[in-house]
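Beneath this line is the structure, given in structure tokens, with notes to follow.
The values are calculated or read from the model by the stated rules, or taken from the named source; none is laboratory data. Every value quoted in this text rests on a predicted model; they were computed, and no experiment measured them. Neighbour counts are summed over all protein chains in view; Cβ atoms, including those assigned to glycine, are modelled from backbone coordinates with ideal geometry. Keep in mind that these areas ignore ligands, DNA and RNA; they rest on the heavy atoms of the full protein, side chains included. Shrake-Rupley method; radii C 1.70, N 1.55, O 1.52, S 1.80 Å.
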Amino acid sequence: MAGLCLSALIVAGSASAKPSPADPAEVRAEQTVKAMTPAEKTVITHGIMPLPIGPNPAPLPPQAIPGAGYVPGIARLGVPALLETDASLGVSYVMGMRKDGATALPSGLAMASTWNPDILQRGGALIGSETRAKGFNVLLAGGVNLMRDPRNGRTFEYFSEDPLLSGVLAGSAIKGIQSNHVISTIKHFALNGQETGRKFADVQISDAHARESDLLAFKIGIEIGNPGSVMCAYNRVHGEQACASDYLLNKVLKQEWGYKGFVMSDWGAVPNLEAALKGLDQQSGAQLDPAVFFGDKLGAAAKSDPAYAARLDDMNKRILWAIYDNQLDKYPVTPGGKIDLAANSEVALETARQGIVLLRNERGVLPLTKTAKRIAVIGGFADAGVLSGAGSSQVQGLGGPAVSIPISGDPQWSAFLAQTYHRSSPVAAIKAIAPKADVRFRDARFIADAVEQAKRADVAIVFATKWSSEGFDQPDFSLPDGQDALIEAVAAANPNTIVVLETGNPIVMPWLSKTAAVVQAWYPGARGGEAIASVLFGETNPSGRLPITFPASAEQLPRPVLDGYHEFEPNFAGDAPSKTAKLTVNYDIEGSDLGYRWNARKGYKALFPFGYGLSYTTFAASGLKTDGTTASLTVRNTGKRAGATVAQVYLVSRSGMTAQRLVGFQRVELAPGQTSKVTVKIDPRLLADWKDGGWTIPAGDYAFAIGENAETLGAPVKVSLREKHWGD
Ligand code: BGC
């Protein structure tokens, strides 16, 4: 206990002892804290979830808007209320409670498949502008958790399995969001790798492994995006709830990284008042916690205990810093701002186009010619729309979903959990691009009917979907509802069978070798149908690259069976079924070697590796030169169509030992025959190990290679590096 209080004091003490004159937001925040009465000091430290949830929902305060969170302001001091909405893919739908519609960006995985920080920033700027127009000033975006388990139900919301790729993309999105004078979070801090038992799963991982993986993604995201807030996670880390983790919040985030913003809790993630001493600054959606800890209870503790008093000042200062740094007070929000949904959806469309990954294309079956006579489109509600992922990040456009399939479950949460399709019909888009083709849609309820239709067509396109949601993990890698058998049967009936996948996780493909083409469209967002059609017909040359590994089977994973899968009932809230329920998740098995790095260590071949994706043209990358701090190479479009590729540079070994790490990447657009020189900076942390409280690059030979993907690597280029050691 003494140790905890001490570290809390150190955080508060160091912040107030050294005000940075260069940071006006910090100076202003300190002045406002000084002007606060004791009662005012607990106003912005806790908020509610402004939704009619729970047994006796209280009426909403007049200023609150149905959304994720509401924290009242302090009018006397000009401190604005915080009006919070989810999330990373757009302004959320909150169970259909707001009918005003918003632009749905493609899923996080789709965005990440672009490997394009610029489009992420544009998407961020867009969803930030809609946040503001709808009267919110905090967007709970910035999901950056790494894919440690490909069955994680929230994989679709996040970006990748790699700390560099995820950190850069999350940081870029946050930068775009905050360009609207809207605070963004980065979340969920940290090691929130599965939904099963999400509130009590206890992560075991060494400090070194955490720093080299999940924490590095957060660090890079914070450096690039400068988010006003960090949202701590539901899970436990070394026995402590992440929202009450002295290690994560005080030690790493605040003391070592010098983070100036505030830590807000995830909804229902605060175990007790002591979380304040462990580094939590704001209690969100407090009615979901066992008590409102950060209101009167915190005020009373601050009166009698100097540790709490110091923390209370620091908590206020941090929240105010985020408000002032983003100028929330100077640019007040009012609901009812104008949104040009049609114009905004162009960004969603462009992101979807760049994020679609062509996984297979035999005999050049794609792109389809616009003169194809008869096209059978089968399944996936492709006549109506494109699938989206569920939970708090769910966005819907005007009029709500095109299709909504209720999923039974806890009645309190069932409205969050419908399987919904955005109004962007692939069938309509295919008809628009190929108006002369005879396009026939069959809903795939009967395999025999689908087969019959496929036999009569020149081309059969099967839309295969796999829904995923916050709160639930995937039980395995199959396609649900007999779709694997459907594809098998259609492919046997028509050699030109193309499978379009709308999934939020990797899947296995027992039918792969029988198909002509496979297009991974993820959850492609508001204009997904058009994006898919434009790739199928070659108006878009696919350029997406996988941001995650598709394992060949569960046996390749560090955890062939998801921890807790057999022991605990699926449960959206993720609460422990009893006080004694225990779920330990050991991330030291893979340590910092996630996904492709694990496969490199074990010598496994993925079904589709990280970084993989085909194009309708061909590229050649060559001439890698590096001194270990930058790398340069030449990329050439050797085909006949304009297209884009992603130059990828990997560390492959250190002193002869396999050590694979993505160290640089850049998306390049090239006309046929065009050559471009690409230079990437190598972040030294990607070459280093976390050791003795800092980063160490051990002396030795470092081999780098150009990667067409993580498994197809060019000739290694060796550099001798001297030992180097530095702090975080
Ligand atoms: C999710 C967060 C979300 C919050 C508010 C939680 O269930 O984990 O990502 O921001 O709800 O809706």
### Query
Of Leu594, Gly73, Phe262, which is farthest on the positive side of the dipole of the chain, counting Cα position, with +1 on Lys and Arg Cβ, -1 on Asp and Glu Cβ, and the Cα centre as origin?
Leu594
### Task
Provide the percentage of antiparallel DSSP beta bridges, counting only those with both residues in the chain; round to the nearest 5.
60 percent
### Task
Considering Cα pairs under 8 angstrom that are at least six residues apart, work out the relative contact order of segment 25-325 and quote it in whole percent.
19 percent
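Given a 1.4 Å probe and heavy atoms of the protein chains only, how would you sort His181, His566, largest accessible area at the top?
Greatest to least solvent exposure: His566, His181.
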### Message
Which aspartates and glutamates, if any, have their Cα less than 14 Å from the Cα of Lys605, not counting same-chain residues under 8 positions apart?
### Response
Glu555, Glu711
### Tensor-based shape of segment 166-303 (alpha-carbon gyration tensor, a/c under 1.5 rounded, otherwise prolate or oblate)
oblate
## Note on the structure
Carbon plus sulfur, as percent of the 1.4 Å-probe accessible area of segment 25-325, comes to 56 percent
### Query
If Arg151, Arg28 are ordered by their accessible area, calculated over protein heavy atoms with a 1.4 Å probe, which sequence runs from highest to lowest?
Arg28, Arg151
### Summary
Whole-percent carbon and sulfur contribution to the accessible surface of segment 617-726 (1.4 Å, no ligands, DNA or RNA) stands at 50 percent
### Query
In the full protein assembly as shown, how much of Glu274 is accessible to a 1.4 Å probe, in Å² to the nearest 10?
60 Å²
### Task
Using packing as a proxy for protection, rank 697-708, 498-509 so that the peptide with the highest average count of other Cβ atoms within 10 Å comes first.
498-509, 697-708
### Query
Rounded, prolate or oblate: which fits segment 25-325 when a ≥ b ≥ c are the square roots of the eigenvalues of the alpha-carbon gyration tensor, with rounded for a/c under 1.5 and prolate only if a/b beats b/c?
rounded
### Query
So how exposed is Lys691, as accessible area in Å² (1.4 Å probe, rounded to 10)?
110 Å²
### Message
At 1.4 Å probe size, with the rest of the protein present, what percent of the exposed accessible area of segment 416-550 is carbon and sulfur atoms?
### Response
51 percent
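Between rounded, prolate and oblate, where does segment 650-713 land on the alpha carbon gyration tensor, with a ≥ b ≥ c its root eigenvalues, rounded for a/c under 1.5, else prolate if a/b exceeds b/c?
prolate
Heavy-atom accessible area per residue, the chain, 1.4 Å probe: how many Å²?
With all protein chains present, the chain gives 35 Å² per residue.
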## Note on the structure
So, relative contact order of the chain in percent, Cα under 8 Å, 6 or more apart, is 15 percent
### Query
For Lys370, which lysines qualify as cross-link partners when the Cα separation must be under 27 Å and same-chain residues fewer than eight apart are set aside?
Lys431, Lys436, Lys455, Lys514, Lys640
### Task
Could you state how much accessible area Asp313 has, in square angstrom rounded to the nearest 10, with a 1.4 Å probe and all protein chains kept in place?
60 Å²
